[in-house]
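Accompanying notes for the structure given below.
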Amino acid sequence: MNHLKSQIKWVFPMFLICSVLILSSCGKASNISNPSADSSNNENKQTHKLTIMLDWYPNAVHSFLYAAEQNGYFKDEGLDVEIQMPADSNDALKLVAVNQVDLALSYQPQVLMARSENIPVRSIAAIVRHPLNHLMVPQAGDIHSPKDLTGKQIGYSSIPLYEAMIRTMIQNDGGDPNTSKLIDVGFDLIPAIATKQVDAIMGGFINHEQLILEKEGHPVLSFNPTDYGVPDYYELVLVASDQGVQNSESYFKKFLNAITKGQKFVEENPEKALNLLLAHEDATSPLDKQIEEKSLEILLPLMNAGDKDFGYQEPASWEKVRQWLSDNNLLSTDIKAKDAFINL
């Protein structure tokens, strides 16, 4: 199975800025429109088309979308929603920024980094409320906490955000991150740790890489970055452009109503929801039902907003993540956290 997502999901390459400028010159998407401009010449309720681009190929975390689609929740809200899969993990944020798609799934730090590059995107909902990306080490080894990685080799994919997370975790735990050797293993996180090429990996998800490693006979210990100085961040967020929020806020609210019902269905009927997902698996990236079942078990509590509405975003979370990114020189310009998100 392709492990591309966990390796490149945090990448925010400079070519994104150029792509935004080029695509912007092509004009805005036809499906970003002002609700007040929509007209109906008949008594029948017309549906409004929205497109959403996933962050990766369909998997357990997207179950709420397929539940909303298959159970008619989008239709009930007067929406015709097209779910698209990206050709590249960077596509979603890039295309929503220039209004080529209405909505996209992305990541909280990436949204903030985009804002610092003057890319006009903002989050309208927190989908996964806590990190899935953990530091992982072999279970049967002599590494029991991040400080034990002092002087060790850590596999990652040359992503600055991962470097900052590794440094923060080791230093916060009392170790010396300057003596650790970071090794670029590209997309090969799983084989790198399974064959002991490295002592640890950063970039693996607890609901994906960890489960695959366990199934293949290479169990790992995972260290949650929030236990070692990294702020608790939203792993997955729903993103729109500034223009999209301005012009299509009422439609986005309808979309949020529908996915809230979708998530409730998933919580109450996980097996049925998983079957809906499996019916939409991508042919190029087939799903392992056992892995996805375990993944959904991990995901559900991490997607629960408690007494708040599904998707609610805490202003304090955005400020803490912004400050940490700034402290680690991951923001190009000074930005305000409040501009990177909105609760509709």
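The values are calculated or read from the model by the stated rules, or taken from the named source; none is laboratory data. Please read these numbers as outputs of a predicted model, since none were measured by experiment. A quick note on method: Cβ atoms are made from the backbone with ideal geometry, for glycine too, and the neighbour counts reach across all protein chains shown. Heads up: the accessible areas ignore ligands, DNA and RNA and are worked out on the full protein's heavy atoms, side chains in. Shrake-Rupley method; radii C 1.70, N 1.55, O 1.52, S 1.80 Å.
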With contacts defined as alpha carbon pairs under 8 Å and 6 or more residues apart, what's the relative contact order of the chain in percent?
28
Ignoring ligands and nucleic acids, what accessible area does Asp199 show with a 1.4 Å probe (Å², nearest 10)?
50
Check: C-alpha center region 121-137 vs C-alpha center region 166-230, spacing in Å is 17
Students sometimes get this wrong: rank Lys215, Lys75 by accessible area, probe 1.4 Å, all chains present, largest first.
Lys75, Lys215
Could you work out the helix-only [θ] at 222 nm for the chain, with each DSSP H run of four or more residues adding -39,500 (n - 2.57) and the total divided by the number of residues, to the nearest 500 deg cm²/dmol?
-11500 deg cm²/dmol
The FRET efficiency for Glu281 and Asp88, from their Cβ-Cβ distance with R0 = 22 Å and rounded to 0.05, is 0.70
10 Å Cβ shell holding at most 14 others, DSSP loop, GluC sites (Glu not before Pro): longest site-free stretch of the chain:
44-215
Probe 1.4 Å, protein heavy atoms only - accessible area per residue of the chain in square angstrom:
42
Cα gyration tensor of region 97-149, axes a ≥ b ≥ c as square roots of the eigenvalues: rounded (a/c below 1.5), prolate (a/b > b/c) or oblate?
prolate
Per the rule of 0.36 nm per residue minus the C-alpha distance, extending Asp242 to Thr226 adds in nm 2.8 nm
The local net charge around Lys147, scoring Lys/Arg +1 and Asp/Glu -1 for residues other than Lys147 whose Cβ lies under 14 Å from its Cβ, equals -4
Pairs of Cα atoms farther than 18 Å apart, region 68-185, %:
66
So what's the net charge close to Tyr156: Lys and Arg +1, Asp and Glu -1, counting the other residues with Cβ under 10 Å from its Cβ?
-2
Carbon plus sulfur, as percent of the 1.4 Å-probe accessible area of the chain, comes to 46
Could you work out how far the C-alpha centroid of region 79-104 sits from that of region 240-312, in angstrom?
16
If one compares the long axis through the Cα atoms of helix 15-24 with the longest principal axis of the Cα atoms of the chain, the angle in degrees, nearest 10, works out at 10
Ignoring ligands and nucleic acids, Thr47 exposes an accessible area, probe 1.4 Å, in Å² to the nearest 10, of 90
Measuring from the longest principal axis of the C-alpha atoms of the chain, the long axis of helix 315-327 (C-alpha) lies at a number of degrees, nearest 10, equal to 50
Summing +1 per Lys or Arg and -1 per Asp or Glu among the other residues with Cβ less than 14 Å from Val230's Cβ gives -3
Once both axes come from the Cα atoms, what is the angle between helix 289-303 and the longest principal axis of the chain, in degrees from 0 to 90, rounded to 10?
80
Dimensionless Rg/Rh of region 71-118 - Kirkwood Rh, Rg from C-alpha atoms
1.07
Quick one: of the DSSP bridges fully inside the chain, what percent are antiparallel, nearest 5?
55
